[in-house]
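Undergrad: Structure provided below as C-alpha cells; questions to follow.
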Amino acid sequence: MTGTVYKSTGSWYTVKTQLGKNYQCRIKGRFRIKGIKSTNPIAVGDMVDFELETKNDETTGIINNIHDRRNYIVRKSVNLSKQTHVIAANIDQVFLLVTIDNPPTFTSFIDRFLVTAEAYGITTILLFNKIDVYDKETLDEVRYLAHIYRKIGYECIGISAETGKNIDKVKHLMTGKVSMFAGHSGVGKSTLANAIEPGLELKTKVISEQHQQGQHTTTFAEMFDLSFGAKLIDTPGIKGFGIVDMDKEEVGDYFPEFFKLKQDCKFNNCIHVDEPKCAVKQALDDDEIAYSRYRSYLQILEGEDEHYRTDNWD
Ligand SMILES: Nc1nc2c(ncn2[C@@H]2O[C@H](COP(=O)(O)OP(=O)(O)OP(=O)(O)O)[C@@H](O)[C@H]2O)c(=O)[nH]1
Ligand SMILES: [Mg+2]
Ligand SMILES: [Zn+2]
C-alpha cells in the first residue's frame, strides 16, 4: 500500500492512502535516507509504502520504503547537538508568519528561513499577523519590512487571524496546493488555520499562558485536507534557525537580490565581503539593498547560529 504521512509523533506515523483511509504505521529496524542525517527519517508530507500487519485484532502498518522527495524543509537545532530535523517534505509553498512583538520576529530569523527555502526552491509568502493589535508605530514597522521583502520579490500580506482580515487572500493562494505554516511559537499559526477552516479546532494558546519557557502549543507537525481543495501543514514553533552546511560561495545565491547583481561583481566567485568592485556592496552603499539583509548574510557566512534573544519565547 502507498500513502502520505499526515502526522508523525516520533514512533508512530499516520499514513493516509489515496482512498482516504488512515493507518497507524511504524518503521521496522533502522531506516536511513542517503545524504540526510536527521533525527527523523520520515516527515509529514512523505510518500511511503507500507505493509499491513494484524495482531490481536488490531491492524497497523510497517513502512518499508520512502519515495524520493521533491523538496523538504530542514532545520538545524542551535543547541550543542546540531542535529537536523526535517520539518516537512513535498510542499508547494510556505507561509512564514511574522509578528513584530508578542513574540518578536527578527530579520535574522526571517532571512535564515528564506535562505533555507530558497536552497530547496520552495516559494515563501510572508504573513504579518496580528495587525489588529498594532499601534501606528508598529504598523509602520510592518510596512517597512513588507517594503523590503516585496522589493526582493516575496509576496507580503498583513493579516489578522483574530479578525479575519485578508484571510480570503491567504485561502486563495492556498487553493490546490500543499502549504506549510511556519514561524516562532505564538505567532498564530494554529489560530490562522482555525480561521481558514473553522471545523479544524486546533489547540491555540492565550499569550499570558505562553510565557513559561519551552511551551509549544502545537507539538507535532500535522497535515490537514481542507474543504476548499487545499492541504495545510501546521507546525510547532521554531526558535533559532541554524543553516544547514553550505559553501561560502553558495550563500549569496539564496539572497535573490544579491544573486541578480552577482554578474556585475568584478570577480565571478565574489562573496561580497572584501572584494573590490563588488556590485552587492555598491548596491548596499546606494541603499538598493537593505542593511538588515546584508547583516544576515554576513552572519550566515560566518557560520553564526541564530540565538533567539528573549528568554520567554521558544
Ligand atoms: N490579537 C491577535 N491575536 C492573535 C492573532 N493570531 C493569533 N493570536 C493569538 O496568539 C496566541 C498564539 O496563537 P497560536 O495560534 O497558538 O500560535 P502558534 O503559532 O500556533 O504557536 P505554537 O503552536 O506554539 O507554535 C493566541 O492567544 C492567539 O489567540 C491575531 O491575528 N491577533
Ligand atoms: Mg500552533
Ligand atoms: Zn560581490
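Undergrad: Tell me whether the range 2-66 comes out rounded, prolate or oblate; compute the Cα gyration tensor, take square roots of the eigenvalues as a ≥ b ≥ c, and use a/c under 1.5 as the rounded threshold. Each step should come with its number before you reach the end.
TA: On the way: a/c = 1.97, a/b = 1.46, b/c = 1.35.
Since a/c reaches 1.5 and a/b is larger than b/c, the shape of the range 2-66 is classed as prolate.
Undergrad: Output needed for the range 85-209: three equivalent-ellipsoid semi-axes, defined as square roots of 5 times the C-alpha gyration tensor eigenvalues, in descending order, whole Å.
TA: 20, 19, 14
Undergrad: At a 1.4 Å probe, what is the % contribution of carbon and sulfur to the accessible area of the chain?
TA: On the way: 7430 of 15910 Å².
Solvent-exposed carbon and sulfur of the chain make up 47 percent of the total.
Undergrad: Return the loop-located trypsin sites (Lys or Arg not before Pro) in the range 44-122 (DSSP other than H, G, I, E, B) with at most 13 other Cβ atoms within 10 Å of their own Cβ; answer none if there are none. List each step's numbers first, then the result.
TA: Working: sites: Lys55, Arg69, Arg70, Arg75, Lys76, Lys82, Arg112; in loops: Arg69, Arg70, Lys82.
Loop-located and lightly packed - Lys82.
Undergrad: Rg (Å, one decimal) plus Dmax (Å, integer) for the alpha carbons of the chain?
TA: 20.5, 73
Undergrad: Using just the helices of the chain, give the 222 nm mean residue ellipticity in deg cm²/dmol: DSSP H runs with n ≥ 4 each add -39,500 (n - 2.57), and the total is spread over all residues, rounded to 500.
TA: Numbers: 8 runs with 72 residues, N = 314.
Helices in the chain give a 222 nm mean residue ellipticity of -6500 deg cm²/dmol.
Undergrad: Mind checking which of Thr17, Gly3, Ser38 is farthest towards the positive end of the range 2-66's charge dipole, using Cβ charges of +1 (Lys, Arg) and -1 (Asp, Glu) about the Cα centre?
TA: Ser38
Undergrad: Right, something else. Once the dipole of the chain is set up with Lys and Arg at +1 and Asp and Glu at -1 on Cβ about the Cα centre, which of Gly176, Asn268, Val280 lies farthest towards its positive end?
TA: Farthest along the dipole direction, towards plus: Gly176.
Undergrad: With every protein chain kept in the model, how would you rank Glu162, Glu155, Glu58 by accessible area, 1.4 Å probe, largest at the top? Don't skip to the answer; put the middle values down first.
TA: Details: Glu162 145, Glu155 90, Glu58 120 Å².
Result, largest first: Glu162, Glu58, Glu155.
Undergrad: How much net charge surrounds Lys231 when only the other residues with a Cβ under 9 Å from the Cβ of Lys231 are counted, with Lys and Arg +1 and Asp and Glu -1?
TA: Values: positive: Lys177; negative: Asp92, Asp225.
Here the count lands on -1.
Undergrad: Once the other residues with Cβ under 13 Å from the Cβ of Ile289 are scored (Lys, Arg +1; Asp, Glu -1), what is the net sum? Walk me through the intermediate numbers first.
TA: Working: positive: Lys151, Lys260, Lys262, Lys281, Arg293, Arg295; negative: Asp111, Glu257, Asp264, Asp285, Asp286, Asp287, Glu288.
Residues close to Ile289 contribute a combined charge of -1.
Undergrad: Still on this structure, I have one more. Defining a contact as two alpha carbons under 8 Å apart and six or more residues distant in sequence, what relative contact order in percent does the range 81-234 show?
TA: Details: 217 pairs, mean separation 40.2, N = 154.
About 26 percent, as a whole number.
Undergrad: Does the range 248-301 classify as rounded, prolate or oblate by the C-alpha gyration tensor (a ≥ b ≥ c root eigenvalues; a/c under 1.5 gives rounded; else a/b over b/c gives prolate, otherwise oblate)?
TA: On the way: a/c = 1.43, a/b = 1.07, b/c = 1.33.
Since a/c stays below 1.5, the shape of the range 248-301 is classed as rounded.
Undergrad: While we're looking at this one, here's another question. Using Cα centres only, tell me the gap between the range 89-116 and the range 124-142 in whole Å.
TA: Value for the Cα centre distance between the two parts: 14 Å.
The values are calculated or read from the model by the stated rules, or taken from the named source; none is laboratory data. Model, not experiment: these values are computed from the prediction. Cβ: placed from backbone, ideal geometry, glycine included. Neighbour counts: every protein chain shown. Ligands, DNA and RNA are stripped out before the accessible areas are found, and what is left, the full protein with its side chains, is counted by its heavy atoms. Shrake-Rupley method; radii C 1.70, N 1.55, O 1.52, S 1.80 Å.
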